[in-house]
Amino acid sequence: EAQALQRGIKVQALVKLNKVPHLLIVAPSGSGKTYLLVLILRQLSCMIGTLILADFKGMDFRSLDGCRNYYKHERVADAFDEMQIRMKHPKKEFLPIYLLIDEWSGFLGLYSKKEQDEYKKQLASILMLGRGLSIFVILALQRADANYLVGRDNFGNVVGLGTLSRESVQMVFSDFKEQITPKGRGKGYLKTDGSPLKEIVVPRIRDYERSLQMIENALNRYETE
């Protein structure tokens, strides 16, 4: 892929969460994280099941405020309550839930260490048991910090955008750290279990407003729809 990118040839990079569950996105400020999240949310909006957006800052996706499955600021905790209900009362067949959490470290910063540990425990449980319950997590944060990032071995897919800190590279790309170099906005790396490291470029969204409308519609859907 790296040689193809250098030659201007783009190869589609696929992440199939039902095959390799969960996606971790590490992207510092200015690296194009929000743009990538819009692209992912748009794709998920076309999937059968429930889309949930837990957006701690409540800024980049403020146009989605008021949607049934949009949680901002301290209400991110309510999204976790929804996941706990499913996990405590499993059914034989579940339609998938796609839970995207943006600014996870900021959310944890609202709480005491004891409360943080409880939410980290809940996240680790979702990551570990989620595949069997058809819960798939996309977790986005600016840097990979051991104080906030739990269950990282359960993320089968990792994306790193822009210029990653040394600590982030060591934590999530340790097997490929010699290959990681600083990238510009919208460029980075994809690691998927069992596959070589891939260089990626986030594709352009030609109809951005239409994408937001599709996401809004998906966030207002019932799981049974």
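The values are calculated or read from the model by the stated rules, or taken from the named source; none is laboratory data. Here the structure is a predicted model, which is why all the values come from computation and not from measurement. Here the Cβ is made from the backbone with ideal geometry for all residues, glycine too, and neighbour counts use every protein chain on show.
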Residue that is surrounded by 14 or more Cβ atoms within 10 Å (Cβ to Cβ), farther than 24 Å from residue 44 by Cβ and not small (Gly, Ala, Ser), where the choices are 116, 122: 116
Give me the pairs, please: first residue somewhere in segment 203-223 and closer than 18 Å to residue 52 by Cβ, second residue anywhere and among the β-branched types (Val, Ile, Thr) and part of a loop (DSSP other than H, G, I, E, B), beta-carbon distance under 8 Å, and either six or more positions apart or on two chains. 211/205
Yes or no: segment 127-140 includes at least one residue that is touching a residue at least 40 places away in the same chain (Cβ under 8 Å), in a loop (DSSP other than H, G, I, E, B) and under 22 Å from residue 36 (Cβ atoms). no
Name the one entry in 133, 149, 110 that is surrounded by fewer than 20 Cβ atoms within 10 Å (Cβ to Cβ) and modelled with pLDDT under 90. 133
I want to confirm something. Restricting to segment 93-137 and keeping residues that are under 25 Å from residue 215 (Cα atoms) and among the polar types (S, T, N, Q), which single residue is farthest from the chain's Cα centre (by Cα)? 134
Here the residues within segment 14-51 that are among the small types (Gly, Ala, Ser) and closer than 22 Å to residue 193 by Cα are 27
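Residue-wise test of (1) closer than 27 Å to residue 196 by Cβ; (2) not hydrophobic (A, V, I, L, M, F, W, C).
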| residue | (1), (2) |
| --- | --- |
| 137 | yes, no |
| 148 | no, yes |
| 154 | yes, yes |
| 157 | yes, yes |
Within segment 49-96, how many residues turn out to be free of Cβ contacts under 8 Å to residues at least 40 places away in the same chain, touching a Lys or Arg at 6+ places or on another chain (Cβ under 9 Å) and among the acidic types (Asp, Glu)? 1
Which of the strands (runs of 3 or more DSSP E) found entirely inside segment 1-76 contain at least 2 residues meeting this: β-branched (Val, Ile, Thr) and modelled with pLDDT of 90 or more? 23-26, 50-55
